[in-house]
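Structure first, then comments.
The values are calculated or read from the model by the stated rules, or taken from the named source; none is laboratory data. The model shown is predicted, which means the values in this text are computed figures rather than measured ones. Ideal geometry is used to build each Cβ from the backbone, glycine not excepted, and the neighbour counts take in all protein chains shown. Surface accessibility is based on the protein's heavy atoms, side chains included, excluding ligands, DNA and RNA. Shrake-Rupley method; radii C 1.70, N 1.55, O 1.52, S 1.80 Å.
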Amino acid sequence: MKKIAVVTSGGDAPGMNAAIRAIVRKSIYHGLDVYGIKRGYLGMINQEIECLRLGSVADIIHRGGTILRTARSPEFLTMEGREKAFAFLKGERIDGLVIIGGDGSFRGAKVLEDAGFSTIGVPGTIDNDIPFTDYSIGFDTAVNTVADAINKVRDTATSHERIYVIEVMGRSSGYIALQAGLAGGAETIIVPEAPFDLTEVCNRLMRGVKRGKLHSVILVAEGAASAFSVAEEIQKCVQMEVRVTILGHLQRGGTPTAFDRVLASRLGAKAVDLLLEGKKGCTVGFWKGEIIATPYDEIFSHTKEFSWDDYKTASILAI
Ligand code: ADP
């Protein structure tokens, strides 16, 4: 192992830069040459590569986004596109690749693996939908962003005595909604993993109104329902005004939390260790208090378990 490359792919997540920094510095510490490939698989096809030195990753640990940029590459899904990427990596004599991204990026990594390249995946996605890791890089920051937004919406909800339906990201995962809802004290959390009954949501709201509640916050994961349709249904059964807030891409940005920076540093360093040990074809993760490696096939054949205990607790606390 002499020359490794790092790449960020798919949806960006706060903390990706901290992971790049860890990978670059750990590699240099062990005497490796380390390169950055720009814009994910698109950059492999378009041959966008640069040498990374200690100074290249200075002053980035606290910055959101990714200095390597990221992209989605439909061309990499074609045989022709892949062949270009393989030829580029071979020409550059890359011995090992660290791919920071989500499920789609790991499927791309598996394609490279099957073509004979050594790859390690580092989970970087705010959705927290990767199995065999309790947390993916960026999730904690996104949860804090949403919790902060709930605080702010709550102020105006109380002043105007309104119900707010807040839609959050997560693709088909309800993790952001669940954790941020718990942290922000949302009255109702709607996630794709659990069936929901809007009549029951309305009944709960009515009980709250009778008790003199001045406002309510309902958190909806984008994969479960549209906030507008939830609001429309609720408006039919309550007298209070119902408003919608869609947080959107602001959940992807911002300074990564200390938790995400520590996680990114640990996972990035472990990825380099694995390549040096001759391991490949797996992702790193923080699972039950330990940093572990899990083969791609295991990742693809499992769905991340939903935190039912937290979901139940959140429902009880919002009584
Ligand atoms: P994420 O990594 O955040 O889940 P995407 O699902 O958009 O993001 O995947 C990022 C990129 O990975 C895609 O643009 C594509 O180039 C590649 N990719 C996604 N799915 C596959 C697949 N099944 N096989 C090969 N490459 C894939």
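When only Cα pairs below 8 angstrom with a gap of at least 6 residues are kept, segment 82-226 shows a relative contact order of 21 percent. For a Förster distance of 45 Å, can you work out the FRET efficiency between the beta-carbons of LEU214 and PHE259, rounded to the nearest 0.05? Taking R0 as 45 Å, the efficiency between LEU214 and PHE259 is 0.85. Summing charges over neighbours of THR8, with a neighbour being any other residue whose Cβ is under 10 Å away from its Cβ, gives +2 when K and R count +1 and D and E count -1.
With contacts defined as alpha carbon pairs under 8 Å and 6 or more residues apart, what's the relative contact order of the chain in percent?
Relative contact order of the chain: 23 percent.
In a simple Cβ point-charge model (Lys, Arg +1; Asp, Glu -1; nothing else charged), segment 172-294 has a dipole of about 300 debye relative to its Cα centre. If you plug the beta carbon distance of ILE246 and GLU305 into 1/(1 + (r/R0)^6) with R0 = 22 Å, you get a FRET efficiency near 0.20. Helical runs (DSSP H, four residues minimum) scored at -39500 (n - 2.57) apiece and divided by the length of the chain put the mean residue ellipticity at 222 nm at -13500 deg cm²/dmol. Could you please state how large a percent of the accessible area of segment 142-251 is carbon and sulfur, counting protein chains only and using a 1.4 Å probe? About 51 percent, which is the carbon plus sulfur part of the accessible surface. The label-point distance for LEU276 and LYS288, in a model that sets each label 7 Å from Cα toward Cβ, rounds to 2.7 nm.
Taking all protein chains as shown and a probe of 1.4 angstrom, HIS30 keeps an accessible surface of around 80 Å². Here's the picture: charge each Lys and Arg Cβ at +1 and each Asp and Glu Cβ at -1 in segment 221-319, and of THR255, VAL242, ALA314 the one pushed furthest to the positive end of that dipole is THR255. Once the chain from THR199 to ILE316 is taken as fully extended at 0.36 nm per residue, the excess over their C-alpha distance is 40.3 nm.
Normalised radius of gyration (Cα atoms, divided by 2.2 N^0.38 Å) for the chain: 1.09. Placing dummy labels 7 Å off each Cα toward the beta-carbon, the span from ARG72 to THR156 is 2.9 nm. Solvent-accessible area per residue in the chain equals 44 Å², computed with a 1.4 angstrom probe and all protein chains kept.
Here's the picture: charge each Lys and Arg Cβ at +1 and each Asp and Glu Cβ at -1 in segment 2-125, and of VAL6, ALA19, HIS30 the one pushed furthest to the positive end of that dipole is HIS30. Compared with the dominant Cα axis of the chain, that is its longest principal axis, helix 16-29 is turned about 30°. When the chain is described by a simple charge dipole with +1 on each Lys and Arg Cβ and -1 on each Asp and Glu Cβ, the residue from VAL209, ILE126, PHE196 located farthest towards its positive end is ILE126. Rolled with a 1.4 Å probe across the full set of protein chains, the surface gives LEU77 an accessible area near 130 Å².
Taking the inverse of the mean reciprocal distance over all distinct Cα pairs, the Kirkwood hydrodynamic radius of segment 24-105 comes to 13.8 Å. VAL217: net charge of surrounding residues, Cβ under 9 Å, Lys/Arg +1, Asp/Glu -1, itself excluded? Taking every other residue near VAL217 into account, the sum is 0. The label-point distance for MET79 and ARG207, in a model that sets each label 7 Å from Cα toward Cβ, rounds to 6.0 nm. Basic side chains Lys and Arg get +1 at the Cβ, acidic Asp and Glu get -1 at the Cβ, and with that the dipole of the chain about its Cα centre reaches some 660 debye.
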